[in-house]
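As structure tokens, the structure follows; a few thoughts come after it.
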Amino acid sequence: MTQFIRELHGVPAPAAALVGDAALQAFVGRSIYAESKDLIHPDNPFRRPLLNDAFTGWDCEEYTLDDLCSNGSLVANRVLLSIYEQDFVFLPRASFDAGKRSAFAEFYDRNARVTGEILSCRLEKLLFSCVSKAVHVSGDWDVKSFEAYFEDFKQRFRAEKLSHLMDSIASMRDPVGGARMFLVQMAGDFLVESSAMTRNVVGNYGPVQSELFKVVIDECGYGVFKTKHSTLFENVLQSQGLDPIPHTYWQLYLPTSMYLNNYYNCICRDHASVFRYFGAILQVETAFRLTCEIMARMMKNVFGPSAHIEYFREHTHIDDHHSRMVMDKIVVPIVESHGEFALREIVRGFEESLVVGDQFTAGIQHQIDWIDRVDRDDAIRRLPACAQPRPMRAGSGELCGTKMADAEIGYQVMSGRLDFVFGVDKHLTLAAGDCITIPPNVLYGVKAVEDCEYRVYPAEEKEA
Amino acid sequence: MKIIHFQAHEANLIELASRSFFLHRTRDGAYVLIRARCPHRGGPLFLGRVIDEPVESIRCPWHDSVVPVHAMQKKTPAMVVNRTDCRVIVDDANGEGRVRWVRSLLNESANGAPCHAART
């Protein structure tokens, strides 16, 4: 199998795509990955709709950073995260009935792992080449230059984009809904916090390995469930009435939110990227102190006394230590022992982590801006110019799985009622005669509240 | 040590006390710093031409010396570029350092049109 996958890297692109397409069909054919009538799936971390009716395949080998909010990216990230998380143990909490046992068996099925390995080759190239190409590391690096670079980062880092996002949420017409949607975007990562990185504490690579293990011990709450970081985040979710079980809100994850999660899984799963991972964790641990402060401030402002911010307070404290521990006990020793190659990879990981973090923030900012616009702007209740609308029909309760609008798209309800979902709290119901135009790069789902006839107006293609 | 910050579309020449470096975009799209002066007699390499074979090299405009790009990257300051945000780490002994934009012919084809690696 390993040999086959190695060979897959070397086959010409169209052939690799064909193999990938066959693997995709084999992978998504399981019932846990089928489209669902339900928007959320409580207490079933295996139930993950992957495709949607707008997905027609991936039409390129590598996305650009600008493509990461596309529907193809949404599907690719869903599939890749499902592949990566086959490495993790999930169990439903409330019951383990026949349906969940079947989902459990399907999720960890051996054939699914094999096809997942094949698919991951293609998906990693599709999704992560652009991050790699965004960062260039050159010249003569040594510990002294890296320390200067790191100090410069610490002094200059202000998390401006995150601050802007927090201000946007606080000033929404429905700030609580916006903040809840923000929590949902973090849930995919924080509810399995440190799972990706634990792949790097196994093996045997000297004293540095034990230093990394100390960070993991903190993340896992020293073996006390109540203090495990993922438990602290469960408390944040529960304090706002959100379900704390991983992936209940799977269909509401933005592609850029999963992308952040997938990036860390990618560099932690591929041990050839271990130095890159050391750089990435240094960046995150160093920045997280400030970003947690900023997030906690927004939560207190928006949620008031019900804000449960222990998760953020813990990180504001412990990540000061983690930053120092990673720099002094991992990065510096590893550079001294493994030289400039390791250092260049560390710098690369540090910078790639910034790129991926920017995508995460930008994706949420775009969705939050749209959700707020739905409440404020009547101009969205129009139809795009389109000569050929497609007539559609949906039975009561039918849900078209969530998807990304790749271009402006309009909907007009002819009879019945149609519910549009844009966030965990953001639903907009259109009745007969109502219409809406959804802009590109927005996540949405459509559910028929009752038997419904409607028209879809795809934006007219511009002439080249 | 100090950090010199600049944007790749705003500056391409770094002048330090001892020598100058040019921000070059290689054929495969990577940003690298190369020595701005030819090792032969100090000709301005950024006014030379890129030739691809057998390895990516620069033909100096003064004496037609051909110098491989990878050779011109040796003993250059540490640099990281994130999208277009450039940071160069230099020793204090190099003085304040100055960055500026100079016209380059490296990323133009022989007829003057921008080639595929031209800055965007």
### Query
Looking at the stretch B:12-27, which of its residues are more than 16 Å from B:Val99 (Cα to Cα) and away from chain A (no Cβ under 11 Å)?
B:Arg27
### Query
surrounded by fewer than 22 Cβ atoms within 10 Å (Cβ to Cβ), among the hydrophobic types (A, V, I, L, M, F, W, C), at pLDDT below 95 and over 19 Å from A:Ser195 (Cα atoms), is that true of A:Cys130?
no
### Exclusive hit being farther than 30 Å from A:Val356 by Cβ and either modelled with pLDDT under 95 or not basic (Lys, Arg) (or both), set B:Pro44, B:Pro77
B:Pro44
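Out of the helices (runs of 4 or more DSSP H) lying entirely within the stretch A:139-225, which hold 1 or more residues that are within 14 Å of chain B (Cβ to nearest Cβ) and within 19 Å of the chain's Cα centre (by Cα)?
Filter on the stretch A:139-225 gives A:160-170.
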### Query
Do we have A:Gln251 as within 14 Å of A:Ala187 (Cβ to Cβ), touching a strand residue (DSSP E or B) at 6+ places or on another chain (Cβ under 9 Å) and at pLDDT 95 or above here?
yes
### Message
Test of understanding: among A:Leu343, A:Leu354, which residue is touching a helix residue (DSSP H, G or I) at 6+ places or on another chain (Cβ under 8 Å), assigned by TED's automatic domain parsing to the domain that holds A:Met181 and surrounded by 23 or more Cβ atoms within 10 Å (Cβ to Cβ)?
### Response
A:Leu343
### Message
Return the residues of the stretch B:28-76 that are more than 14 Å from chain A (Cβ to nearest Cβ), assigned to a strand (DSSP E or B) and among the hydroxyl-bearing types (Ser, Thr, Tyr); say none if nothing qualifies.
### Response
B:Ser57
### Query
What pairs can you find where one residue is in the stretch A:219-235 and in the same structural domain as A:Val326 (by TED's automatic domain parsing), the other is hydroxyl-bearing (Ser, Thr, Tyr) and exposed (fewer than 10 other Cβ atoms within 10 Å of the Cβ), and their Cβ atoms are less than 9 Å apart, with a gap of 6+ or different chains?
A:Lys228/A:Tyr222
### Task
Go through the stretch B:77-97 residue by residue and tally those that are surrounded by fewer than 13 Cβ atoms within 10 Å (Cβ to Cβ) and either touching a strand residue (DSSP E or B) at 6+ places or on another chain (Cβ under 8 Å) or within 10 Å of chain A (Cβ to nearest Cβ) (or both).
1
### Query
Just wondering, is there one or more residues in the stretch A:81-93 that are out of contact with any Lys or Arg (no Cβ under 7 Å at 6 or more places or on another chain), farther than 20 Å from A:Ser195 by Cβ and not assigned by TED's automatic domain parsing to the domain that holds A:Gly357?
no
#### Entry: Among the residues listed as A:Asp369, A:Asp375, the single one being closer than 21 Å to A:Thr429 by Cβ and either surrounded by fewer than 17 Cβ atoms within 10 Å (Cβ to Cβ) or free of Cβ contacts under 8 Å to residues at least 24 places away in the same chain (or both)
A:Asp375
### Task
Read through the list (1) modelled with pLDDT under 95; (2) buried (at least 19 other Cβ atoms within 10 Å of the Cβ), then give the number of the only condition that B:Glu53 fails.
(2)
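Could you tell me whether the stretch A:50-59 includes any residue that is farther than 27 Å from A:Met392 by Cβ, crowded, with 16+ Cβ neighbours inside 10 Å and either aliphatic (A, V, I, L, M) or in contact with a helix residue (DSSP H, G or I) (Cβ under 8 Å, 6 or more places away or on another chain) (or both)?
Scanning the stretch A:50-59 turns up no residue that is farther than 27 Å from A:Met392 by Cβ, crowded, with 16+ Cβ neighbours inside 10 Å and either aliphatic (A, V, I, L, M) or in contact with a helix residue (DSSP H, G or I) (Cβ under 8 Å, 6 or more places away or on another chain) (or both).
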### Task
Could you list, in sequence order, all residues of the stretch A:227-259 that are part of a helix (DSSP H, G or I) and surrounded by 23 or more Cβ atoms within 10 Å (Cβ to Cβ)?
A:Phe233, A:Val236, A:Leu237, A:Trp250, A:Gln251, A:Leu252, A:Pro255, A:Thr256, A:Ser257, A:Met258, A:Tyr259
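Residues of the stretch A:324-339 being touching a residue at least 60 places away in the same chain (Cβ under 8 Å) and either out of contact with any Asp or Glu (no Cβ under 7 Å at 6 or more places or on another chain) or of a type in the set (Ser, Thr, Tyr) (or both), which ones?
Those that are touching a residue at least 60 places away in the same chain (Cβ under 8 Å) and either out of contact with any Asp or Glu (no Cβ under 7 Å at 6 or more places or on another chain) or of a type in the set (Ser, Thr, Tyr) (or both): A:Met327, A:Val331, A:Val332, A:Pro333, A:Ile334, A:Val335, A:Glu336, A:Ser337, A:His338.
The values are calculated or read from the model by the stated rules, or taken from the named source; none is laboratory data. Just so it is clear, the model here is predicted, and its values are computed rather than measured. Cβ atoms come from the backbone with ideal geometry, glycine included; neighbour counts cover every protein chain shown.
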